[in-house]
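Single-structure report; data block below.
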Amino acid sequence: MAAKKKTPAKKSAPKKKPTSSAAKKKTSSRAAPKAKKGTFASRKSAPKKGARPAARKSKRPTTKRKTPTKKAAVNKGPKTVARAAPEALALARRIAAVAVDKKAGKVLVIDTRARAEQVGYDYVVLASGESDRQLSAIHEGVDALLKPEGKRAASVEASPDWVCVNYDEGVVAHFFTHDKREMMDLEDMWKDAPRVSL
């Protein structure tokens, strides 16, 4: 039998050196060396396979308003009850009656007993006059009514457009011209105080 001819073995093609892009892929596929403890790289934990990427935290402030927390009700104790002042009330009504008799306008009695300790009186009487003569007539009429009883004003401040009379019984009377009354606006200052019927 004829011996088989040996065919020369095919030379394998020399392996090509990887190009720079291929080399980058290979180097990136290699596992990165473990970082030492305490370094910045060790703090970053690699995400698990199949896990959803973490939601990005926005640095912008939220436009939602925070709901205020309800504060517990504080027991402030009983409300201060206005002390009884029958003499002061009677005097305030008598002064108002004289002002009405003297044709004063917008006669008003205000109960200020709730703040008597701060202001120093229990009732305020307000009345308006057309002129300084009418204001002095109202004041003289009140004096004439109280003198027989031995009651006198503790202090009197008089000007052409305003007469302020203070009584020790806890009553202050203001007799104004209309313009001065609007400017002083004592009604608004005592808007929360109760009004007394005449």
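The numbers here are math on the coordinates, done by the rules we state, and not lab data. Just so it is clear, the model here is predicted, and its values are computed rather than measured. Methodologically, a virtual Cβ is constructed for each residue, glycine included, from the backbone with ideal geometry; neighbour enumeration extends over all protein chains shown.
All of (1) part of a helix (DSSP H, G or I); (2) over 20 Å from Arg195 (Cα atoms) hold for Glu117 with one exception: (2). For Ile95, indicate whether it is under 12 Å from Val172 (Cβ atoms), in contact with a helix residue (DSSP H, G or I) (Cβ under 9 Å, 6 or more places away or on another chain) and assigned to a helix (DSSP H, G or I). When the stated conditions are applied, Ile95 passes them.
Among the numbered criteria (1) in contact with a helix residue (DSSP H, G or I) (Cβ under 6 Å, 6 or more places away or on another chain); (2) within 18 Å of Ala85 (Cβ to Cβ); (3) among the hydrophobic types (A, V, I, L, M, F, W, C), which one does Ala104 miss? With (1) in contact with a helix residue (DSSP H, G or I) (Cβ under 6 Å, 6 or more places away or on another chain); (2) within 18 Å of Ala85 (Cβ to Cβ); (3) among the hydrophobic types (A, V, I, L, M, F, W, C) applied to Ala104, the lone miss is (2). Screening Asp188 on (1) within 41 Å of the chain's Cα centre (by Cα); (2) part of a helix (DSSP H, G or I); (3) of a type outside the set (A, V, I, L, M); (4) surrounded by 18 or more Cβ atoms within 10 Å (Cβ to Cβ) shows it passes everything except condition (4). Checked against (1) touching a residue at least 12 places away in the same chain (Cβ under 8 Å); (2) hydroxyl-bearing (Ser, Thr, Tyr); (3) farther than 15 Å from Leu108 by Cα, Ser155 passes all but condition (1). Here Gly141 fits the description: in contact (Cβ under 8 Å) with a residue 12 or more places away in the chain and surrounded by fewer than 18 Cβ atoms within 10 Å (Cβ to Cβ). Only a single criterion out of (1) part of a helix (DSSP H, G or I); (2) basic (Lys, Arg); (3) surrounded by fewer than 19 Cβ atoms within 10 Å (Cβ to Cβ); (4) in contact with a strand residue (DSSP E or B) (Cβ under 8 Å, 6 or more places away or on another chain) is not satisfied by Arg181, namely (3).
Residue pairs whose Cβ atoms lie under 7 Å apart, sitting 6 or more positions apart in sequence or on different chains, and linking a residue in segment 91-111 that is farther than 18 Å from Met189 by Cβ to a partner that is of a type in the set (D, E, K, R), are Leu91/Glu169.
Considering segment 151-177, the residues that are under 15 Å from Ala90 (Cβ atoms) and in a loop (DSSP other than H, G, I, E, B) include one that is farthest from the chain's Cα centre (by Cα), namely Lys151.
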